[in-house]
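Below is one structure, written out as structure tokens; comments come after it.
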Amino acid sequence: MTQPTVYLAGPITGLSYDNAQDWRTVVADQLRPIRCLSPLRGKQYLRDLKGGISGTGEEYAHLGPLSLPRGVMARDRWDATRCDVLFVNLRGATRVSIGTVMEIAWADLRRTPIVCCMEPGNVHEHMMVAEAVGYRVGSLSDACDIVRSLLDVATDPPATEWPAEPVDPDKEGPKPGEMVEIDVAVAGIRSYGY
């Protein structure tokens, strides 16, 4: 049996190399020995850019074939269509990630399972994204659990701990054991009759 592969999709445009890559590094560590592919692999030179990474590539296309628009498109499409699971992190996105939405569409076309981490009210709330995503959760940890279950792979203990989730003092969560009402439309939960 070949080693399962997970493609780590998520926004890059407007972010620094480190901001775009950091969560991918943590998730890859959490999912070891599963092979995780980052769209930023082999592009560490983008760390030296002033400002965020653009969606056009004008300021870095000259740095190598992997950064040419055609090179980005070719490899990202290949990765999104050959992976066993598409892992999508849209948490905290401030604008729609066109590249990520394309990767979701490519994976959906191949009926690749899509695990998406996205909070309610995210800028990617759209019926087509919602219908393409098979599993939607609110945390990277929960998304990793689903990937492990889908691939039926026991992972190695991670070398790093999960970063602490930011706490919003205005939103106090339920107390342990407390029943809570969930708005299923907001949570993205669907019920089907078969």
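The values are calculated or read from the model by the stated rules, or taken from the named source; none is laboratory data. Predicted model, so just to flag it, every value in this text is computed and none were measured. Cβ: placed from backbone, ideal geometry, glycine included. Neighbour counts: every protein chain shown.
For residue 47, work out the one condition from (1) at pLDDT 95 or above; (2) among the basic types (Lys, Arg); (3) exposed (fewer than 14 other Cβ atoms within 10 Å of the Cβ); (4) assigned to a helix (DSSP H, G or I) it doesn't fulfil.
(1)
Can you name the number of the only condition in (1) closer than 22 Å to residue 129 by Cα; (2) at pLDDT 95 or above that residue 4 fails?
Unmet for residue 4, out of (1) closer than 22 Å to residue 129 by Cα; (2) at pLDDT 95 or above: (1).
If you take the residues of the range 1-46 that are more than 13 Å from the chain's Cα centre (by Cα) and among the basic types (Lys, Arg), which of them is farthest from residue 147 (Cα to Cα)?
Applying the filter and picking the extreme gives 43.
Any residue in the range 100-108 that is buried (at least 18 other Cβ atoms within 10 Å of the Cβ), touching an Asp or Glu at 6+ places or on another chain (Cβ under 8 Å) and in contact (Cβ under 8 Å) with a residue 60 or more places away in the chain?
yes
Could you check the range 75-89 and list, in sequence order, the residues that are under 22 Å from residue 44 (Cα atoms) and either outside any helix (DSSP H, G or I) or in contact (Cβ under 8 Å) with a residue 24 or more places away in the chain (or both)?
Across the range 75-89, the qualifying residues are 75, 76, 77, 79, 80, 87, 88, 89.
Could you list all residues from the range 97-113 that are part of a helix (DSSP H, G or I), of a type outside the set (A, V, I, L, M, F, W, C) and under 14 Å from residue 8 (Cα atoms)? Before you say what the answer is, go through the steps one by one.
Here is the first cut: in the range 97-113, the residues part of a helix (DSSP H, G or I) are 98-109.
Pick out the ones that are also of a type outside the set (A, V, I, L, M, F, W, C) and you get 99-100, 103, 108.
Scanning the range 97-113 gives 99, 100, 103.
Pairs, please: C-beta under 7 Å, at least 6 apart or cross-chain, first residue charged (D, E, K, R) and in the range 110-133, second in a strand (DSSP E or B)?
Partner pairs satisfying both residue conditions: none exist.
Residue by residue, here is whether (1) part of a helix (DSSP H, G or I); (2) acidic (Asp, Glu); (3) within 24 Å of residue 125 (Cβ to Cβ); (4) touching a helix residue (DSSP H, G or I) at 6+ places or on another chain (Cβ under 8 Å) holds:
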| position | (1), (2), (3), (4) |
| --- | --- |
| 51 | no, no, no, no |
| 56 | no, no, no, yes |
| 73 | yes, no, no, no |
| 95 | no, no, yes, no |
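Could you say which residue among 29, 22, 18 is farther than 14 Å from residue 115 by Cβ, free of Cβ contacts under 8 Å to residues at least 12 places away in the same chain and not hydroxyl-bearing (Ser, Thr, Tyr)?
Unique residue meeting the criteria: 22.
Looking only at the range 6-34, count how many residues are outside any helix (DSSP H, G or I) and either under 16 Å from residue 139 (Cβ atoms) or of a type in the set (Phe, Trp, Tyr) (or both).
4
Where in the range 122-194 are the helices (runs of 4 or more DSSP H), entirely inside, with at least 3 residues that are more than 20 Å from residue 105 (Cα to Cα) and modelled with pLDDT under 70?
184-187
For the structure I just gave you, tell me whether residue 40 is part of a loop (DSSP other than H, G, I, E, B) and free of Cβ contacts under 8 Å to residues at least 40 places away in the same chain.
Yes.
Filter the range 50-80 for residues that are surrounded by fewer than 14 Cβ atoms within 10 Å (Cβ to Cβ) and small (Gly, Ala, Ser); which is modelled with the highest pLDDT?
Restricting to residues being surrounded by fewer than 14 Cβ atoms within 10 Å (Cβ to Cβ) and small (Gly, Ala, Ser), the top hit is 74.
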